[in-house]
Structure formats: C-alpha cells, structure tokens
Amino acid sequence: MADLADTSFLGRALRRRTFLRVAGTTAASSALVLAGCGKDSTPTPTNSTSSLNFAGSDNGLLNLAYLLEQLEAAFYQKVVDAFPSDFTAADKAAFVDLRDHEVIHREFLKFALGSNAYDVALTTPLAFNFTAFTLTTRAGVYAAARTLEDVGVGAYNGMGRRIASTQYLQLLAKLASVEARHAAFVRDQAEPNSFAASDVITTSGSLAGLDTVKTPAEVATLIASLVPVVLNTDALMLL
C-alpha cells in the first residue's frame, strides 16, 4: 500500500483546499478497509470482446463498482484534458479534484479485487464512449457529470443490499458517501438547489426522502450506451 499512498494523484487530492477535500479524505480512508478485506474466492467474471458477465457474488458486485469507477475516472480525465472554454478557474480546480477522487476509487477497487478483477486478462482497457454528452460547454459537462454521479449513488445504494461481506459493505458505504457529495456538488452547479430533486430521491414507501436505489440491471441499462460491451447482471439480480 505504501506505493499507492505515495502516488502524485493521491497527494494532490488530499492537499487541495476545496470543498471536496473532506470527500477526498473519506476516499483515502477506504484504504484501511481494503487492507483488511479478505479475497473472495469466486472466479473472475466471464468476459469476452463483446460481453461481460458478472458473477453472483461479492466479487461480481465489486466488479460492477470497479467498472463504474473506471467509467467516471475516464469521464473526468476527458474533461480535464480539454476543459470547455467557459469553465472558470474554480470549475477547473473542482474537476481536477473530482478526477483525482475517481482515480483513487478505481485503484482501491482494483486492489481489493486483485486477480478477480474483470479486466485482469484484458490486453487493453475498455474504451468508453462519451459522444452522447456535450463536453464543449460548462452546462453540458455538468449535466454529464450529474448523470454519472447520480447513477453511481443509486448503484452503491443497490449494492449495499446485496453484498454479504461486512468489510466490503463498509467499503461501499465509504465510496457511496463520497459519490453522494460529488452528486450534490455537480447538481448544485448545474442547477442551484437541485441536489435533492425528486428524480434522485425516493418519494414514497419506507425509503421516502432517501436517495434512490438502483438494481444492477438498472445500472447496466443506464450505462449501456457508454460501455463497449454488453453487460450481463442476471446473476447479481439473484443476490
């Protein structure tokens, strides 16, 4: 873990003095949870060049979370590589922080999964497709970020109900907390006072007033156009 902790992106994320600093600290503390997590013995999910089948196990859930974090990290990296012309200095600093946090999440989950990571045998990483988003304007970038962060929050809420390991549950709870802060920020930037709008809050039943919960199948559907393979979450839906 020493090498991971010493990398430059982690240092930047934890040193930057913005509202996201607390979120970054929470993400970094997840390393302590990961260090104590035992490896699930379930084999790596079956995948090919055209499909990715998630195993019905904690590893399968963590691999779905890993894929989401890869997707988010790739999105924020793409924005950072070419900021919209109407981005302010504050916008740029915030998106660098967001990128750093998602990279931390991605690397932590990769570490937790080890040889069980879905992409361990892939010669090249998946290339995500963001052409559906307008990334040349501030409004378009924040709208895209809002979409991805909302999916992430709902996904983690859904995974928490299905995961068996209490250690992994703690990890997902920490990640969900950071993602919720991200979602609240980008929503407020895109549309002030929309961080708790009805489209992301359960409006009835025992969970009324809380963030929405997404099943693995719903998550797969929501990100299908962004991922270059077919996602099969049937086994996860049985958990």
Worksheet, complete the sentence: Among the Cα-Cα pairs of segment 49-181, the proportion with separation greater than 21 Å, in percent, is 43
Worksheet entry | Under-5 Å amide H pairs with residue 232, H placed in peptide plane, nonlocal only | 52, 53, 54
Worksheet item: Which of the aspartates and glutamates could be linked to residue 214 by a straight reach, that is with a Cα gap under 13 Å, when you skip same-chain ones fewer than 8 residues away?
Response: 149, 150, 199
Fill in: Top positive-direction residue, dipole computed over segment 49-195 with Cβ charges, set 66, 168, 76
168
Item to complete: In square nanometres and to one decimal, what's the mean projected area of the convex hull around the Cα atoms of segment 63-109?
Response: 2.9
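Read-outs throughout are calculated quantities, based only on the coordinates presented, and are distinct from any laboratory measurement. Every value quoted in this text rests on a predicted model; they were computed, and no experiment measured them. Note that we place each Cβ from the backbone using ideal geometry, even for glycine, and neighbour counts take in every protein chain shown.
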